[in-house]
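Structure record follows, encoded as structure tokens.
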Amino acid sequence: MKKTFRLQVANKHPDRQVEAIKNEIRKYIKREKKKPLSDGFDHWNFNCKFGKNDETPAVINFPDITKCIDEAASENCETFYMEIIAQEAVRPPKEEKIVEVIEEITDEQAE
């Protein structure tokens with residue numbers, strides 16, 4: 001999704017417009033997560049960029065999407081640019097971390 005959203009629309013209260021934008025983004029993310037993954041991948045990773053008005057978009061973390069939208073609304077920006085690209089990814093196995101911690105504990109106890 002690469003889109004410029006308008007925060008100030010005639011005939012709509014700004015708060016309702018912000019909620020409509022957030023809902024559209026949530027629906028996009030939900031739709032992307034439902035897509036089947038290729039072999040060897042186990043989850044979707046989202047690369048995000050955000051820019052207010054005519055600023056150059058900056059890379060943001062996925063959980064910060066709503067914070068950035070709220071910030072743009074509180075600053076009375078007319079528009080903002082949101083880019084969310086879904087990418088297949090592989091989570092690192094958790095077992096290796098647990099084994100490393102157990103080995104460290106046993107080493108400390110041996111000393």
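The values are calculated or read from the model by the stated rules, or taken from the named source; none is laboratory data. Predicted, not measured: the structure shown is a model, and the values here were computed from it. Please note: Cβ atoms are built from the backbone with ideal geometry, for glycine as well, and neighbour counts cover all protein chains shown. Accessible surface is based on the protein model in full, side chains and every heavy atom, while ligands, DNA and RNA are left aside. Shrake-Rupley method; radii C 1.70, N 1.55, O 1.52, S 1.80 Å.
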Count - residues of the stretch 6-29 that are at pLDDT 95 or above and acidic (Asp, Glu): 2
If a residue counts only when it is touching a helix residue (DSSP H, G or I) at 6+ places or on another chain (Cβ under 8 Å) and within 30 Å of Pro93 (Cβ to Cβ), which strands (runs of 3 or more DSSP E) contained entirely in the stretch 1-82 have at least 2 such residues? 43-52
Subset of the stretch 1-35 (residues that are more than 17 Å from Lys49 (Cβ to Cβ) and of a type in the set (A, V, I, L, M, F, W, C)): Leu7, Val9, Ala10, Val18, Ala20
Return the pairs, sorted by first residue and then second, in which the second residue is hydroxyl-bearing (Ser, Thr, Tyr), the first residue lies in the stretch 1-25 and is open to solvent by 80 Å² or more (accessible area, probe 1.4 Å), the beta carbons are less than 6 Å apart, and the residues are 6+ apart or on different chains. Thr4/Thr79; Thr4/Tyr81; Arg6/Thr79
On the given criteria, is Asp39 farther than 18 Å from Glu75 by Cα, over 18 Å from the mean Cα position of the chain (by Cα) and of a type in the set (Asp, Glu)? yes
With (1) touching a helix residue (DSSP H, G or I) at 6+ places or on another chain (Cβ under 8 Å); (2) in a strand (DSSP E or B); (3) open to solvent by 30 Å² or more (accessible area, probe 1.4 Å) as the list, and Glu88 as the residue in question, which single condition is left unmet? (1)
Does the stretch 37-56 include one or more residues that are touching a Gly at 6+ places or on another chain (Cβ under 6 Å), open to solvent by less than 90 Å² (accessible area, probe 1.4 Å) and free of Cβ contacts under 8 Å to residues at least 60 places away in the same chain? no
What number of residues in the stretch 67-80 are surrounded by fewer than 18 Cβ atoms within 10 Å (Cβ to Cβ) and under 14 Å from the mean Cα position of the chain (by Cα)? 1
